[in-house]
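Chemist: Submitted below is the structure of interest, expressed as structure tokens.
Derivation of every value follows stated rules applied to the coordinates shown; laboratory data play no part. Quick caveat: nothing in here was measured; it's all calculated off a predicted structure. Every residue, glycine among them, receives a Cβ derived from its backbone with ideal geometry; neighbour counts consider all protein chains shown.
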Amino acid sequence: MRVSVTNPKSRRTEIQSRLRNTRPVNLPGYRQRLIWVWVLLCLGQCALVARLFWLQIIKAPTLRQDAEAQRTLKLSPKVALHPIVDRNGNILAKDEPTFRLFVHPFLFNKEQQEIAKQLSTIINIPEEQLLKLFTTAKSGIPVTRDLHEDSAAKIRDLRLDGVELTREWTRTYPQKDLTSGLVGYVDAEHLGQAGLEYSMQALLKAKPPSTVVSEDGNGYLLPNQFP
């Protein structure tokens, strides 16, 4: 029995010869599809360049203003009304910062009874009354107002979810009844109702300062542009 042995070199030569003599098969429409792909890529690049030109050149002033408006704010006035003093410097009327307490029961992170117990010792409202108040609505329940800064600080230290403090201004009169007929008084909206509070209301009203400050995404003030 004979076994034929093929020379590896001649086999390789034969394969290479076949490859050289074989013409590539062009599928129908191959060149047209290639041209369309090239055209689409060029159109896409042109669209990106046009979009970039529109954003960076044409729309740039508007976008810059929008960005500045989002990260800047004007400082609110420190007082709602200016103080009233006599010629000797004695204060007849002034604004003092107070706080109003709201609760949002649907945001509570603790049991209502525990929250009522913690708040009761600070705002001097019975725990039972607070619990009854918590059931009147799911959010935006006014609890008390005219809280001083020390009481507000104690409530903040509790770190309770669903408890909100908003700052207000309370008009106080150190001389009390001595000058009440001359100075007058204001209502709950800080509008003058009598005396100097009424006649000089336009002059007493505090105007917001023109100072503009920057803030980050979390609402914290940034040191640049800060007065």
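Chemist: In the structure displayed, which of LYS94/LYS176; LYS94/LYS207; LYS110/LYS132; LYS154/LYS176; LYS94/LYS205; LYS154/LYS205 lie more than 21 Å apart, Cα to Cα?
Modeler: Pairs exceeding 21 Å: LYS154/LYS176; LYS154/LYS205.
Chemist: How far, in nm, would the chain grow between ASP150 and ARG20 when pulled straight, counting 0.36 nm per residue and subtracting the alpha carbon separation? Let's see the in-between values first.
Modeler: On the way: separation 130, 0.36 × 130 = 46.80 nm, distance 9.42 nm.
Taking 0.36 nm per residue and subtracting the Cα distance, the gain is 37.4 nm.
Chemist: Hey, with R₀ at 25 Å, roughly what FRET efficiency would THR72 and LEU52 work out to, going by the Cβ-Cβ distance, to 0.05? Write out the running numbers ahead of the final one.
Modeler: Values: r = 27 Å, r/R0 = 1.06.
The value I calculate is 0.40.
Chemist: Moving on to the next point. At 0.36 nm per residue, and after removing the present C-alpha to C-alpha distance, how many nm does the segment from ALA194 to THR135 gain when stretched out fully? Walk me through the intermediate numbers first.
Modeler: Working: separation 59, 0.36 × 59 = 21.24 nm, distance 3.99 nm.
Length difference between fully extended and current span is 17.3 nm.
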